[in-house]
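The next block holds one structure in the form of structure tokens; read it before the comments.
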Amino acid sequence: MKIFISVCLIIFSISVFSQNNTEIRTSLHNAYVAPNYSQLPPLRPGFLGEISFGEKLNGKKYWHYYYGFPSFYISCFAGYPGSIEYGYIVGFAPQFSFDKILSKNWFYHIKTGVGIAYHTNIYDRVDNPTNMLIGSHITALANIELGLSYKIQEYSYLGIGFGALHFSNGHCKLPNIGMNLPSVSLFYKYSYIDVTEEIDYCKRVLIKDKWRFFVNAQIGMHEFGTSTKPTNGPNFKVYGFGFGFTKKTSPIHKFSVGVNFLKYDSFERFIVYQELNIGDPFLKSSVMGVFGAHEFLFGKFTLYTELGIDIYKPFYRYSVTMYGDKFGAKDFMKSLNSNKLGLRYYWSDSEMFGFSTGINLKVNLAQADFVELFCSFEF
């Protein structure tokens, strides 16, 4: 799974990145670990450095125009999050920066990306029991930043950014509360901007304006438990199937609606081994829901987001109360809400047939559930 994520990020970077580096950016982030758990080490200031190489996309691909000619970076992060229990972090992430002009010399931007990170110190029951945030050396990395910059001379800019970094392994290894690092950064950017090409984008891009039928197949992986326990358990498979309808509404937007079916091995084994008298284990360990999804299109690559409602989810709703706990409002929302965030690549996308593969992070409300690989067929 980790190798697949790394390969996807590398292929995505190569497909977007051209050979002429026209932007260099260096940043220093001052960050604190967000106190999203009651038993964490004392809060101390942390520091992360970031260096990025990239270019201002100039219109050689049609979607550059529709996104307003953003900058694309290959970024490396390295730093110390503030407590020895968390060790050091090294990360890599492709990023987009959407820059806008405020005045002659003032600019603002929104910069975001998704990548992969390595953590030197992780949770250990004996040697590092207070690091409940990170349970595996390899995690996903996500960041977002809103920034303001000033042009100090031709091609050179100084600026300040406000944002956050997030690290999580998607519930593949517990504990996995996830590390959130709100940050303030100072940065310097050198940017040599090429003149955009004169291209008739309306003639180059044909919009598929008909709804098409799709079928998905997925296989996921997670540890059974909450974000903090039990630890050191085995990984279990999650099998999925879905279908629905999809439509491309513009060169950079695509929408889908459909139905998802999931089967959790961990739920079924728990029901069988604990001899729970709640009905057929196969059915009670299954989930059925409806969803709506959106894709930001970057040529053959897309950023996939999904919002779902789980209609049939019996084991989760039973598991909350089986030891006497109350089924509160948060539990109700987690039992109902289901979301996904991921990347996909279209190997074929003709008017008659489409085929794509990718990776998704599945969450219940805001809690990671599992990481899945999938393939999708469109007709």
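Results, tabulated for the structure shown:
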{"read-out": "Residues located in segment 106-124, provided they are closer than 16 Å to residue 177 by Cβ and of a type outside the set (Ser, Thr, Tyr)", "value": "117, 119, 121, 122, 124"}
{"read-out": "Single residue of 152, 134 found to be in a loop (DSSP other than H, G, I, E, B) and hydrophobic (A, V, I, L, M, F, W, C)", "value": "134"}
{"read-out": "Residues being hydroxyl-bearing (Ser, Thr, Tyr) and either under 20 Å from residue 285 (Cβ atoms) or not in a strand (DSSP E or B) (or both) - total across segment 214-259", "value": "5"}
{"read-out": "The one condition in (1) crowded, with 18+ Cβ neighbours inside 10 Å; (2) of a type in the set (D, E, K, R); (3) modelled with pLDDT under 95 that residue 125 fails to fulfil", "value": "(1)"}
{"read-out": "Per-region count, segment 227-261, residues within 30 Å of residue 36 (Cα to Cα) and without any contact (Cβ under 8 Å) to a residue 40 or more places away in the chain", "value": "3"}
{"read-out": "Top-ranked residue of segment 91-117 - restricted to ones that are outside any strand (DSSP E or B) and of a type outside the set (S, T, N, Q), ranked as surrounded by the fewest Cβ atoms within 10 Å (Cβ to Cβ)", "value": "104"}
{"read-out": "Residue list for segment 127-159, restricted to those being of a type in the set (A, V, I, L, M) and more than 30 Å from residue 40 (Cα to Cα)", "value": "148, 152, 158"}
{"read-out": "Cβ pairs under 6 Å, 6+ apart, first in segment 57-70 and more than 17 Å from residue 295 (Cα to Cα) and modelled with pLDDT under 85, second acidic (Asp, Glu) and part of a loop (DSSP other than H, G, I, E, B)", "value": "58/194; 59/197"}
{"read-out": "Whichever residue in segment 318-344 is in contact with a Phe, Trp or Tyr (Cβ under 7 Å, 6 or more places away or on another chain) and at pLDDT below 85 and, among such residues, is farthest from residue 291 (Cα to Cα)", "value": "321"}
{"read-out": "The listed residue being outside the structural domain of residue 231 (by TED's automatic domain parsing), part of a loop (DSSP other than H, G, I, E, B) and either of a type in the set (Gly, Ala, Ser) or without any contact (Cβ under 8 Å) to a residue 60 or more places away in the chain (or both), out of 163, 159, 170", "value": "170"}
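The values are calculated or read from the model by the stated rules, or taken from the named source; none is laboratory data. The shown structure was predicted, so the numbers you read here are calculated from the model rather than taken from an experiment. Counting neighbours? That spans all protein chains shown, and the Cβs are built from the backbone with ideal geometry, glycine included.
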